[in-house]
Amino acid sequence: QTLVHNKGRRRRRPAQSQGCHHGSLRARRKKVLTILNVDLKLLRYNPEFDSEPHYETYRVEADPMERLLDCLHKVKWEQDSSLALRRSCAHGICGSDAMVVNGVNMLACKVLIKDLGQPITVEPIRGLSVLKDFIVDMEPFFAGYRAVKPWLIVDESQHEPARERIQSQEERDRFDD
């Protein structure tokens, strides 16, 4: 942009009117919206109606920067409300939307459409019994979690403290590596 004097006042003149080599502001500000037709090949299973799992294919429109979870929601909300899947935080933390995507374990809320090939094949995570579509029985997982006891255990010889055990920064630094 350049400053132009006009009757004692200064005003800004857009760069494109000066033949700026960077291109016009309008062209630089224009957002290019790319919409893809995404084919989702979903392994479906409803024990009430199906004797075996089977694939069904759905087509949804999606921005390349959308997450797979967004596309699965489009299928559920716009095409087939019977689709069953878990999700909770949708921020890649809880793990409830873990699925096998194109043969690889992934979280549907983290993987971008642009990073997947076509068609996108989605299956429930392996190693757990499928209850319906992408919902698996998590009890064996939680039983294993409880078995390894991933929490602090008080030494039997010590008495329960009257207040919280404070950890110093030096004690914490030992675990950061």
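The values are calculated or read from the model by the stated rules, or taken from the named source; none is laboratory data. Being a predicted model, the structure only gives us computed values, none of them experimental. Neighbour counts run over all protein chains shown; Cβ positions are idealised from the backbone, glycine included. These area figures cover heavy atoms from the full protein model, side chains too; ligands, DNA and RNA do not enter into them. Shrake-Rupley method; radii C 1.70, N 1.55, O 1.52, S 1.80 Å.
Within the set of other residues whose C-beta is less than 13 Å from the C-beta of Ile93, count the net charge using Lys and Arg as +1 and Asp and Glu as -1.
+1
What aspartates and glutamates could a cross-link reach from Lys76, if we take a straight Cα to Cα line under 15 Å and drop same-chain neighbours fewer than 8 places away?
Correct list for Lys76: Asp39, Glu56, Glu61, Asp97, Asp133.
Could you work out the relative contact order of the stretch 57-133? I mean the mean sequence separation of Cα pairs under 8 Å and 6+ apart, divided by the number of residues, in percent.
So the answer I get is 32 percent.
Kindly state, to the nearest 0.05, the FRET efficiency for Asp50 paired with Gln118, given R0 = 22 Å and r defined as their beta-carbon distance. Could you put the intermediate results ahead of the total?
Details: r = 26 Å, r/R0 = 1.17.
Result of the calculation: an efficiency of 0.30.
Once fully extended, how much extra length lies between Lys110 and His91, figured as 0.36 nm per residue of separation less the alpha-carbon to alpha-carbon distance?
So the chain would gain 6.1 nm between Lys110 and His91.
Measure off 7 Å from each Cα along the Cα-to-Cβ vector at Glu61 and Asp80, then give the distance between these two points in nanometres to one decimal.
2.1
Solvent-accessible area of Glu48, probe 1.4 Å, all protein chains present, reported in Å² to the nearest ten, please.
Approximately 150 Å² for this residue.
Around Gln79, under 11 Å between beta carbons, what's the net of Lys plus Arg minus Asp minus Glu among the other residues?
Local net charge: 0.
Can you find, among Val122, Cys94, Gln79, the residue sitting farthest towards the positive end of the charge dipole of the stretch 63-177, where Lys and Arg contribute +1 and Asp and Glu -1 at Cβ?
The residue sitting farthest along the positive end of the dipole is Gln79.
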